[in-house]
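Any read-out appearing in this document is the output of simple, stated calculations on the displayed coordinates, not a laboratory observation. All values derive from a computational prediction rather than experimental measurement. Note: ideal-geometry Cβ built from the backbone for every residue, glycine included; neighbour counts use all protein chains shown.
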Amino acid sequence: MDVRPPRSHPHASPRSNRRYTPTGTEVSVTDPREEELPNVGIASLRDAETGREVLVNTSDRKIRQAYRDMAARRAQARDERFRKTRVDAMYVRTDQPYVNEIHRFFRMREKRLR
């Protein structure tokens with residue numbers, strides 16, 4: 001019985017593993033409302049996971065800045081996770097046409113595979 005991994009297997013030896021190309025792709029969809037808290041005064045916000053509801057004074061600049069900072073940290077952690085796992089990422093925004101991002105993504109992939 002042969003217990004060695006196939007040549008294209010991710011756990012194969014580094015020499016034989018050169019032909020292995022990760023194919024993971026992540027599509028990240030972002031809505032601007034996830035990045036910026038609008039100044040609308042007192043707002044009732046509900047956590048989608050827990051159902052917990054809180055009142056937030058969105059006219060407070062410090063609260064809006066904390067929300068922006070939290071969103072930026074979340075995006076940075078996501079991007080770092082993609083880099084560490086060597087996953088190709090496509091970033092789509094709900095407020096922009098997605099066609100340009102799809103073209104960018106496949107051009108990047110094509111260059112890398114040449």
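Does the stretch 28-79 come out rounded, prolate or oblate, given a ≥ b ≥ c as the square roots of the eigenvalues of its C-alpha gyration tensor, rounded meaning a/c under 1.5 and, failing that, prolate meaning a/b above b/c? Verdict is oblate for the stretch 28-79. Restriction of the GluC sites (Glu not before Pro) in the stretch 42-85 to DSSP coil positions whose beta-carbon has at most 11 other beta-carbons within 10 angstrom yields E49.
State, to one decimal in nm², a quarter of the convex hull surface area for the C-alpha atoms of the stretch 25-113, i.e. the direction-averaged projected area. Working shown, then result.
Values: hull surface 29.1 nm².
Projected area, direction-averaged: 7.3 nm².
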